[in-house]
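**Student:** Below is the structure I would like to discuss, written out as structure tokens.
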Amino acid sequence: MKKVLIVRLSSMGDIIFHIPLANVFKQNGYEVDWVVSEKGYEILKNNPCLDKVYFVPAKKWKKRGLNILNLIEYLKILFAIRKEKYDVVIDCQKMFKSLIWTIFQAVKED
């Protein structure tokens, strides 16, 4: 099964706007996962078109400031995502904060 990762971290309206994209991939046989922060997690966590939802606690990280705990949590999430070896990674946000979740993803080798 092919796998797609959608990265849309925040902005409730934009998250809702991109759910049809996940549905299209799901209907075409893809495993669909999503990376999201606090604002959209509740909408996505039980969505039937998604197989996995990766929660990024951005507000907590911002509140803590620059520290080692944030880095450790970030790397755990990043490595869990990277381990999946997605066929397609879509950055729906097109901002630096979402770019860092996409550039480190390995693409499957055939």
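**Student:** Of all residues in region 1-28 being assigned to a loop (DSSP other than H, G, I, E, B) and over 17 Å from Phe55 (Cα atoms), which is nearest to the chain's Cα centre (by Cα)?
**Tutor:** Here the residue is Lys2.
**Student:** All but one of (1) in contact with a Phe, Trp or Tyr (Cβ under 6 Å, 6 or more places away or on another chain); (2) modelled with pLDDT of 90 or more; (3) buried (at least 18 other Cβ atoms within 10 Å of the Cβ) hold for Val7; which doesn't?
**Tutor:** Here Val7 clears every test but (2).
**Student:** I'm checking my understanding of the structure. Among residues of region 51-88 that are touching a helix residue (DSSP H, G or I) at 6+ places or on another chain (Cβ under 8 Å) and among the aromatic types (Phe, Trp, Tyr), which one is surrounded by the most Cβ atoms within 10 Å (Cβ to Cβ)?
**Tutor:** The extreme case among them is Tyr54.
**Student:** Just give me the residues in region 37-96 being more than 28 Å from Met1 (Cβ to Cβ), more than 13 Å from the chain's Cα centre (by Cα), not hydrophobic (A, V, I, L, M, F, W, C) and not in a helix (DSSP H, G or I), in sequence order.
**Tutor:** Within region 37-96, Gly65, Asn67 meet the criteria.
The values are calculated or read from the model by the stated rules, or taken from the named source; none is laboratory data. Here the structure is a predicted model, which means the values were calculated and not measured. All Cβ positions, even for glycine, are placed from backbone atoms using ideal geometry, and neighbour counts span all protein chains on display.
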